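Visitor: Dropping a structure here in structure tokens format, bear with me for questions.
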Amino acid sequence: MVGKKFTDAEKLRHLENLWTPGKNSVFPSTQHGKKQLKFQFGWLENWKWLAYSKIEDGAYCKYCVLFSKYRGGKGSQLLGQLCTEPFNKWKHALEKFSTHEKTNHHQNSVIDFQQISSIVTGKTDSVYHQLNKTEKIQKENNRKIIIPVINSVILCGRQGIALRGHRDSGPLNIDEPLINEGNFRSLLRFFLKATTLSGDESFKLARENCTDETADISGVEQFALCARYYDVNEKKMCESFLKFVPVDDVSGQSLANHIITELKGLNIEIKNLRGQGYDGAASMSGKLNGVAALIRKEYPSALYIHCSAHNLNLSVSYACNIQGIRNTMGTVEACYNFLNTPKRQNFFNTHLAELKKKETSSNKQKLKRLCPTRWVERYNSIETFNEFFPAIIYCLEEMITWKDIDTSSKANQLLLALQSSEFNVALSILNHIFQYTQSLCKYLQSKNIDLVVAVNHINLVKNQLSCIRENATSEFNKLFIDINKRLNDFELTIEMPRLAKRQKYRDNIPTKDPEEYFRITLFLPFLDSFVQQLNDRFVNHQNIISGFQMFVKSSEFDEEKLRELVEFYANDVDDFDRVKSETILWNRYLTDSNKQYNSVIQILNECNPDLFPNIYKLLQILITLPITSCEAERSFSTLKRIKSYLRNSTSERRLNGLAALNIHYEVSVTPEEVISHLSSTKHRLDFIL
């Protein structure tokens, strides 16, 4: 038993089952000089801690054997007889027993026995349990104290409210301060007043609320990183904001390195990257040193797809470069700027209210600015301006009579521009054509759209515009009649500009018919340019989906395209023969099922991964190919709210945390989850959680 390790319960069990000699026991004797000496039973009654070993014919201190540290006395020497060795020098027994009873290590062993016995039998809580109990109470108090801090941060994040970047720490006075201390500390003070924390707890919270790292500087370029992926459990497409990445070098190489580094830091397997979606900037789309090209050097399967929404906007933008169209949009913008003052706006609203009572049931309330970047807003601006045209004309006619020279002169200039034939024809053309592209622009910004559906809708609009182009004479005639009807209300007529022998700055069409003139100079060039831009800018999208069409439509099987697709995705699918057989079987399944699918994700959810593993994998790749970069651009609105001009020193870590709370509003975050995370990490404050 000496030298062995036992649990407390085992030690007590050994003591309970310890062998004890009886009163009539015969002990062996040893020769000491002329005397025969042996162990005496009476010693066991005099010293209750004493035990006798029949095997070793020696005495032990049963408490020291089990509970001592085997060191004691002066200099913490190794213990010997009665502790680790049997004592059998019976001549000195009484002296040895009396001396041992007074030693510190014996007394400590007896005390340990008493404490352990009380703990094991349940009479006393263990020191560990007592410490745990105290720590548990402290944890509960600390967690109750820190919940207002967490709730304040969650509220600010959810609402996109900026926090101070460097002055949220320090003592917090419960009373209102003389200066504004910022959103976070004000909310924290509100929580303190609204909750039932005791005075001591409130003081502790005010003294120990969390500090933050060094704030970053303002004016930092932010790179928004987002991921598009298929959620197998929910069976839906997801586009999720990951984080903002500060960059000081916007070259293609630097941005590519940042993307790869950040994805690795987020433990995302970059080898599974199958698509990249950016705008058309040279640093992103350059064929040699663009981000897309540099990433494809390391990950060849990561196809680059130019944002479809950007492509559509660029197509419209280039089509609007025709002189008459461009001047019309400039006039619309100038008119908005002119009326966008309090006095003029109120005057215009009065005329608009009268117009709504008499002629229109429009729900629109005011003119909209021609947004320089968001073309979907330009569509709305043109549509609104076209509806409010009568009110604008009446308003400008009255403003001409004002005594304010600046107002009257500008109103006169705008009125002449709005009454011109070219402006009215161009405005009607824009309003008519934009009706077909407005819904497409909004649709391309949705998350659940896939590349096949996007290209199909683009082709639908393009074919409709081509159809209008083929029937330009009849289509423009209808439009021209409507323009004449509206201008008749203002006693205006559509007239051709004068013809000159030598014309440098506008078309000089040899015709005397205004309808034919504007059809040739405005309507046809605008349509031709628009359709051509759509063809040129979406040809890459068409090429990408051409190899996937056979998995969407049973009549599209093309062996050569399938071979190219299998070679490109060789790391994802099996050999060509197996994929070919699977594709033929899949085409037969689509034909026999005779179902109508509205999207690729519906087809994917219909595909059995056990029966068609390669088709399932290729369909997954198809739906994860990026359509737009709109999700990244949506995050910029959050960035502007959180890192405002008043809070431009917000650190990157805080910025990303608040942005994630605001953007991922659907993700539940509770104070308990935050506390559990904090308790598992190291923190600078001596604050047990």
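Visitor: So how far, in whole Å, is the C-alpha centre of the range 446-501 from the one of the range 571-585?
Guide: 47
Visitor: Collect residues whose amide H, placed 1.01 Å from N in the peptide plane, falls under 5 Å from the amide H of residue 224; neighbours closer than 5 in sequence don't count.
Guide: Placed amide hydrogens put 245 under 5 Å from residue 224.
Visitor: Among 142-150, 479-487, what's the highest-first ranking by average C-beta atoms within 10 angstrom per residue?
Guide: Values: 142-150: 19.9, 479-487: 15.4.
Per-residue mean Cβ counts within 10 Å order the peptides as 142-150, 479-487.
Visitor: When the Karplus curve 6.51 cos²θ - 1.76 cosθ + 1.60 is applied with θ = phi - 60°, which whole-Hz ³J(HN,Hα) does each residue of the range 467-484 get, with x for Gly and Pro?
Guide: Using θ = phi - 60°, the values come out as 5, 4, 5, 5, 10, 4, 4, 6, 5, 6, 4, 4, 5, 5, 5, 5, 5, 4 Hz.
Visitor: Go through 37, 64, 27 and say which Cα lies farthest out towards the positive end of the charge dipole of the range 8-120; charges sit on Cβ, +1 for Lys and Arg, -1 for Asp and Glu.
Guide: 37
Visitor: Return the lysines within reach of residue 5: Cα separation strictly under 24 angstrom, same-chain partners fewer than 8 residues apart disregarded; answer none if there are no such residues.
Guide: Counting by Cα, and skipping residues close in sequence, residue 5 has these lysines nearby: 48, 54, 62, 69.
Visitor: Then there is this: Tell me the net charge near residue 441. Cut-off is 10 Å between Cβ atoms, residue 441 excluded, with +1 for each Lys or Arg and -1 for each Asp or Glu.
Guide: Working: positive: 374, 378, 442; negative: 377.
Summing Lys and Arg as +1 and Asp and Glu as -1 gives +2.
Visitor: Provide the per-residue ³J(HN,Hα) series for the range 630-635, in order, calculated from phi with Karplus coefficients 6.51, -1.76, 1.60 and θ = phi - 60°, each as a whole number of Hz, with x at glycine and proline positions.
Guide: Karplus-based 3J(HN,Hα) across the range 630-635 equals 5, 4, 5, 6, 4, 5 Hz.
Visitor: What translational diffusion coefficient, in µm²/s and rounded to a whole number, does the Stokes-Einstein relation yield for the range 18-74 at 37 °C and a viscosity of 0.692 mPa s, taking the hydrodynamic radius as the Kirkwood radius over Cα pairs?
Guide: 252
Visitor: Can I ask one more? Residue by residue through the range 48-64, which ³J(HN,Hα) values in whole Hz follow from phi under the Karplus form 6.51 cos²θ - 1.76 cosθ + 1.60 (θ = phi - 60°), with glycine and proline marked x?
Guide: Working through the residues one at a time gives 5, 7, 7, 9, 10, 9, 5, 5, 9, 6, x, 9, 9, 8, 5, 6, 5 Hz.
Visitor: Here's something else I'd like to know. Could the peptides 10-17, 56-63, 26-33 be put in order, highest first, of the mean number of other beta-carbon atoms found within 10 Å of their residues?
Guide: 56-63, 10-17, 26-33
Visitor: Another question about this same structure. Considering amide H positions built from the backbone, and no H for Pro or chain starts, which residues 5 or more places from residue 419, or on another chain, come under 5 Å of its amide H?
Guide: Here the answer is none, since no amide H 5 or more places off falls under 5 Å of that of residue 419.
Visitor: Something else about it: Indicate, rounded to the nearest 5 percent, the antiparallel portion of the DSSP beta bridges found entirely in the range 8-120. Provide the component values of the computation, followed by the final result.
Guide: Details: 11 of 12 bridges.
That works out to approximately 90 percent antiparallel.
Visitor: Putting +1 on Lys and Arg Cβ atoms and -1 on Asp and Glu Cβ atoms, find which of 511, 467, 335 reaches farthest to the positive end of the dipole of the range 313-540.
Guide: 335
Visitor: At q = 0.13, 0.16, 0.17 Å⁻¹, what is the log10 ratio I(q)/I(0) for the range 8-120, with the Debye formula run over Cα points and no solvent?
Guide: Here log10 of I(q) over I(0) equals -0.52, -0.77, -0.86.
Visitor: What residues qualify as long-range amide H neighbours of residue 628, i.e. H under 5 Å apart, gap of 5 or more or another chain, H built at 1.01 Å from N?
Guide: Under 5 Å from the amide H of residue 628 lie the amide H atoms of 308, each far enough along the sequence or on another chain.
Visitor: Additional query: Suppose every Lys and Arg Cβ carries +1 and every Asp and Glu Cβ carries -1, with no other charges. What dipole size does the range 1-64 come out with about its Cα centre, to the nearest 20 debye?
Guide: My answer is approximately 180 debye.
Visitor: Only Lys, Arg, Asp and Glu count, each charged at its Cβ (+1, +1, -1, -1), so figure out the dipole size of the range 547-624 about its Cα centre, rounded to 20 debye. Walk me through the numbers on the way to the answer.
Guide: Details: 8 positive and 14 negative charges, 59 e Å.
The calculated dipole for the range 547-624 is roughly 280 debye.
Visitor: Hey, can you rank 273-285, 625-637 by average C-beta count inside 10 Å, highest first?
Guide: Values: 273-285: 18.3, 625-637: 20.2.
Descending packing order for the listed peptides: 625-637, 273-285.
Visitor: Using Cα positions and a limit of under 26 Å, work out the lysines in reach of residue 243, with same-chain residues fewer than 8 apart set aside.
Guide: 235, 264, 271, 297, 442, 447, 640, 643, 682
Visitor: Using only Cα atoms, locate the centre of the range 7-61 and the centre of the range 607-666, then give the distance between them in Å, rounded to an integer.
Guide: When both Cα centres are located, 79 Å separates them.
Bear in mind these aren't lab numbers, they're just calculated from the coordinates by the rules spelled out. Keep in mind that this is a model prediction, so the values were computed, not measured. FYI the Cβ positions are ideal-geometry reconstructions off the backbone, even for glycines, and counts take in every protein chain you see.
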